[in-house]
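In what follows, a single structure is set out as structure tokens and then discussed.
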Amino acid sequence: MNTEQFLERALLEMLKTKKVTQIYVSDLLAEVGICKATFYKHYCDKYDLLQKSFYRGYYADILAHAENFEQFVSLTLAAFRKTPKVVLHAMPQEDPSGLFGYHCELLCGFLRKECGASESGENEKVIRAFARAVTEVTVDWLSAPRLAPAEEIVRLIRALRPAALSA
């Protein structure tokens, strides 16, 4: 296993008990037994590590199989369902640098593609607002004491989709 894998696993393990805002690079360095220079050789900061950890641990497989927005949401819910506490600890809404913002950006990419829109297009505000709403629904779902079937959440998200974003 290489340094990046050790760091990514250490972060994901820490996220089982702490929010990303409570984890410091020094915690990760102590856990893995490396120096600061080695960490910064691989990552800009803990958020870069967070995004790459989630990309390799969750999103790479999801993105390889999702052909559209709805599939992306379905696959994400299925993957997140396996480790809800880790995902919730990585996604505090009050922390725009965390996974919440990264997840929104991935959703925006699918929505732009489906709508044939650009980042500067007229639908960008609607795309961003809907992506944020979908991410909030995902977080609320993961926070529930008992998770509803993912299919129900997908139906809810489909019903919330703004008419301006219809394919």
Positions within segment 1-42 being among the β-branched types (Val, Ile, Thr), in a helix (DSSP H, G or I) and surrounded by fewer than 15 Cβ atoms within 10 Å (Cβ to Cβ), in sequence order: Thr3, Thr21, Thr38
Any hit, segment 155-166, residues being in contact with a His (Cβ under 6 Å, 6 or more places away or on another chain) and either buried (at least 16 other Cβ atoms within 10 Å of the Cβ) or modelled with pLDDT under 90 (or both): no
Matching residues in segment 61-77 - criterion: being touching a residue at least 24 places away in the same chain (Cβ under 8 Å) and assigned to a helix (DSSP H, G or I): Leu63, Phe69, Glu70, Phe72, Val73, Ser74, Thr76, Leu77
Single unsatisfied condition, Ser120 versus (1) part of a helix (DSSP H, G or I); (2) over 16 Å from the mean Cα position of the chain (by Cα); (3) among the polar types (S, T, N, Q): (1)
Set Gln71, Gln51: member being farther than 20 Å from Val154 by Cα and under 16 Å from the mean Cα position of the chain (by Cα): Gln51
Which listed residue is surrounded by fewer than 17 Cβ atoms within 10 Å (Cβ to Cβ), among the charged types (D, E, K, R) and within 30 Å of Asp45 (Cβ to Cβ), from Glu151, Glu124: Glu124
Members of segment 148-167 found to be in a loop (DSSP other than H, G, I, E, B) and touching a helix residue (DSSP H, G or I) at 6+ places or on another chain (Cβ under 6 Å), listed by number: Pro162, Ala167
Index of the failed condition, Phe130 passing every other in (1) over 17 Å from Leu63 (Cα atoms); (2) under 12 Å from the mean Cα position of the chain (by Cα); (3) crowded, with 20+ Cβ neighbours inside 10 Å: (2)
Residues within segment 78-95 that are part of a helix (DSSP H, G or I) and surrounded by fewer than 21 Cβ atoms within 10 Å (Cβ to Cβ), tallied: 7
Residue match in segment 92-106 (condition: under 26 Å from Glu152 (Cβ atoms) and among the hydroxyl-bearing types (Ser, Thr, Tyr)): yes
Cβ pairs under 6 Å, 6+ apart, first in segment 116-145 and closer than 30 Å to Lys82 by Cβ, second at pLDDT below 95 and outside any helix (DSSP H, G or I): Phe130/Pro162; Val139/Met91
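The values are calculated or read from the model by the stated rules, or taken from the named source; none is laboratory data. Predicted model only: the values in this text are computed from it and were never measured. FYI the Cβ positions are ideal-geometry reconstructions off the backbone, even for glycines, and counts take in every protein chain you see.
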